[in-house]
Every structure is written in structure tokens, then in C-alpha cells.
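The values are calculated or read from the model by the stated rules, or taken from the named source; none is laboratory data. Since the structure is predicted, the reported quantities are computational estimates derived from the model, not experimental observations. Here the Cβ is made from the backbone with ideal geometry for all residues, glycine too, and neighbour counts use every protein chain on show. Each accessible area value is taken on the protein alone, full model and side chains, heavy atoms only, with ligands, DNA and RNA left out. Shrake-Rupley method; radii C 1.70, N 1.55, O 1.52, S 1.80 Å.
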Amino acid sequence: MLQFSKYQGLGNDFLLIDGRQASQQDSEAGMEPELVRQLCDRRFGVGGDGVILALPPQAGGELRMRIFNADGSEPEMCGNGIRCLARFLADRDSDGPGRRWQVDTLAGRIVPELLADGSIRVDMGPPFLEPATVPTTLPLGPAGLPQAELEVDGEVFAVAAAGMGNPHVVVPVEDLADFDLERFGARLEVHPSFPAKTNVHFVQVLAPDHLVMRVWERGAGPTLACGTGACATLVACHLLGLADRRAQVDLPGGPLQIHWDAESGHVIMDGPAEHVFDGAIPSAASVQEARRQAAGADQGPAGDGSEPGPSAPSPLAGEPAANPTADLGPVVETIQCAVVCTQGCIRPDACPSAAARARVAALLAGSSLDDLVAIASNSLESRIRSRLEGEGRA
Ligand code: ZDR
């Protein structure tokens, strides 16, 4: 069983999985691209902009974060994601304000901190401004970061690039509301100037301390917010002379406060992260096994000679399978009432579930509503597990 919690930061939503107790071998929790794509699918899966794993430390930190985009690719860092990770860890471990986590990521050590108002401050480290570190083939420009005029779909944009561990291109525009994000975002993401593709941000400067931006995320398309992108945008706008070192950055999902600290050279991001819900699904291995079996079943008994797929469950647990209209005397104890007796009890004189029903009636009569709610939540996993076992999937 794979347990997850869904969190969102300004509408950038993630499935969080606590793998801190995992051995190094299973520390990817089976997160193959296909499984990530399925989980993140908003119609056929749980739905999310990405999957985040909390894993045992590897580089001297307290834990390691891995994040996967909705398309299954693995970025180096995620600003909204690490705020969600911090909130998730605080909720699981009952941590209070002031708690900091030393998190190892593919972009190096990142340090989120829980603030008194419940929001998260993240020391995102210094930005990467050398072209090769973004990475981009754009040349270092006069403002001290990669700059160029790029032609995209017949239009020319003055762009600047910055890395926050992951690549970002920032495009100042006059009128953000009327801007065609889908058309230009999708093309810039895969522009040849960015060998690892790029996140794309269109920004309008309302005031030196107030920016508004729209996001086209690498591997995810348009999203409601981008933490690393807001940091890269503030840095680029500051270097271009358009913004102060500290600004509110409005994203479609809400505002972030970004500060590029002159003394440390680090970018500090403040913003919210909220719990949405918890869930459980079959483990990655069992999903793959179920798929394998289903593929075998599709081929029918004459398939490739491998084991046949699962057969339809018998309504009766005992063998031989009995016809409910036949003489049920010897097998009455094996009747699965919920399956066989959907039109009413077929053996009211000797109902095998009568004792269980009586126990439930007694429980209901003797429990408060709060007790029943607690029992229901505690049994979530076991109910899902038994249902899946019944389907032969767990
Ligand atoms: C934009 C992002 N969600 C964040 O908040 O920083 C990061 C996700 C990773 C991004 N899609 C990438 O770099 O591929």
C-alpha cells in the first residue's frame, strides 16, 4: 500500500510520500515515469503537478527530497514543492514554528523553516547566473545574466535566464493579461537555447516592489504558481533594473514574498503551503503486477503460455462454488452476504452474518458520533487494503 498526502502551495499541488524510513534500495518508491504520470493525471489518477518523496539523507542533510514533474521527468528543485514538503513534515512530526529542515536536493542544500503564522520561509540558496549553470547557450549579457533576443513563432522577445537549481527564462511583457501563454510558453520551454528545456515566466512590472507573472512549467505546462520561478523572476528583474531586491510576486494562485539578500547572496522565499487530503493506493509494485496480470488476461488462455490473468471472483469463498438457489445446507457458512444476498438474505433462518450484524448494532448503540468518526478514519487503510485484496491487487 502506498500512502500519500496531497498538499498545495498557491495551487501548485503535489502528492507527498514519506519514504524517510525506506532503505536506499527502495528509496524511489517505484516512482517510474509511467506511474508518476498516472498518479498526476487529473482524470484517471489522483491529480497533481508532481510527486515528491521525502527520503533518507544522502549528503549530510536531515533528509533528501526528490520531485517528479507530472510528465515523469525529475527536476532538480521545486520552490512550492519544498514548502509543501516542510508543511507535510511538520504535520507528520508535530513540529512547531521555528523548525528548520536541512534538505538535500539535486540543487544542493535547501533550508525551509516553519514560521509562526504557519507559512514557510525557504532559503533557496544563491541563483545561478553563468550560462552553463542554468543551463543555457544564451551569452552572458550586460546585466550580468544570460540575455538575448529570441524569435519565437514570428515574434521577438528580450529574454533573460537564471537558474535556481532548475532552469528559468524570464520574459518582461507590457500586458500580461492579454499575453498568449500557451503559444509562447510551450515553444520557449523547448527552445534550443535551453538544452535541458526550461521553465518559462512572463512578467509585468507593476512597481519595483510588485511584480505579476504567469508560469509555463517545464514538464507540467501552465501552473498556478512556481516558487523557483518567482525567485528567478525577481533576480532577473532586479538585474535588469526593473525591480528592487525585495518584492511581492503575484502568481495566478496568489502572492509570494521574495527577497534576494545582498549580504548572503541567497534568495529567500515566503509563502503558504496547505494540506489537502490523505490517501492510499496500491503500492507501485502491485500496480505494475496488476497491469502485468491484466495484460496476460487480455491475451486469453491461449496467450503466450504465461500464467493466465485473474479470473472473476467467485461469490462464495468456499469450494466448490455453489449456486445460491441450490441446497445450501453444507456450505451456508461460506456465503458472502454482501455479494450473494443483494436482493435480501437467502438463508434468514441461518444467516451466517447474523452474529456480525448484531455486533455492529451493539457498536452503533454504544458509541458516540466522535468515536465512530475516529474508528472510520483509523480503518481507512485496512478497508482499502481488504477491498484491493478482494480484487486480487494488493
Ligand atoms: C515551478 C516549480 N513547481 C516550483 O515551484 O519551483 C518547480 C517544479 C519543477 C519544474 N517544473 C522544473 O524545473 O522542471
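Taking segment 273-290 as the search range and keeping residues that are modelled with pLDDT of 95 or more and in contact with an Asp or Glu (Cβ under 9 Å, 6 or more places away or on another chain), which one is most open to solvent (accessible area, probe 1.4 Å)?
Ranking the candidates gives H275 first.
Please name all residue pairs, on different chains or six or more residues apart, with Cβ atoms under 6 Å, provided the first residue is in segment 69-87 and is touching a residue at least 40 places away in the same chain (Cβ under 8 Å) and more than 8 Å from the ligand (Cβ to nearest atom) and the second residue is open to solvent by 10 Å² or more (accessible area, probe 1.4 Å) and of a type in the set (K, R).
Listed by first residue and then by second, the contacts come to G72/R37.
Please work out which one of (1) at pLDDT 95 or above; (2) within 14 Å of the chain's Cα centre (by Cα); (3) more than 16 Å from the ligand (Cβ to nearest atom); (4) of a type outside the set (V, I, T) is the condition G9 fails and give its number.
Evaluating G9 over (1) at pLDDT 95 or above; (2) within 14 Å of the chain's Cα centre (by Cα); (3) more than 16 Å from the ligand (Cβ to nearest atom); (4) of a type outside the set (V, I, T) leaves (3) as the failure.
I'd like to know if segment 77-86 contains one or more residues that are open to solvent by 20 Å² or more (accessible area, probe 1.4 Å), out of contact with any Asp or Glu (no Cβ under 8 Å at 6 or more places or on another chain) and either closer than 20 Å to M164 by Cα or at pLDDT 95 or above (or both).
Within segment 77-86, not a single residue is open to solvent by 20 Å² or more (accessible area, probe 1.4 Å), out of contact with any Asp or Glu (no Cβ under 8 Å at 6 or more places or on another chain) and either closer than 20 Å to M164 by Cα or at pLDDT 95 or above (or both).
So, R43, is that one assigned to a helix (DSSP H, G or I) and of a type in the set (K, R) or not?
For R43, the condition - assigned to a helix (DSSP H, G or I) and of a type in the set (K, R) - is not met.
Any residue in segment 161-173 that is closer than 23 Å to L206 by Cβ sitting within a Cβ distance under 6 Å of a residue that is within 12 Å of the ligand (Cβ to nearest atom) and part of a strand (DSSP E or B)? List the pairs, counting only those 6 or more apart or interchain.
Within 6 Å, the pairs are A161/V169; A162/H168; H168/N199; V169/V200; V170/H201.
Among the residues of segment 227-269, count how many are closer than 17 Å to I120 by Cα and among the polar types (S, T, N, Q).
The qualifying residues number 3.
Are there strands (runs of 3 or more DSSP E) fully within segment 104-169 with at least 1 residues that are within 16 Å of the ligand (Cβ to nearest atom)? List them.
Per the criteria, 108-114, 120-123, 155-163.
Taking segment 177-199, which residues are of a type in the set (D, E, K, R) and in contact with a Pro (Cβ under 8 Å, 6 or more places away or on another chain)?
Once the filter is applied, which keeps residues that are of a type in the set (D, E, K, R) and in contact with a Pro (Cβ under 8 Å, 6 or more places away or on another chain), segment 177-199 yields E182, K197.
Against the conditions (1) among the hydrophobic types (A, V, I, L, M, F, W, C); (2) over 14 Å from R218 (Cβ atoms); (3) within 16 Å of the ligand (Cβ to nearest atom), where does L188 fall short? Just the number, please.
L188 satisfies every listed condition except (2).
Hey, among A54, A59, A90, A22, which residue is surrounded by fewer than 16 Cβ atoms within 10 Å (Cβ to Cβ), among the hydrophobic types (A, V, I, L, M, F, W, C) and away from the ligand (no atom under 15 Å from the Cβ)?
A59
Step by step: first the residues of segment 191-228, then only those that are polar (S, T, N, Q) and more than 10 Å from the ligand (Cβ to nearest atom), then the one that is nearest to R245 (Cα to Cα). Which residue is that?
Among them, the one singled out is Q204.
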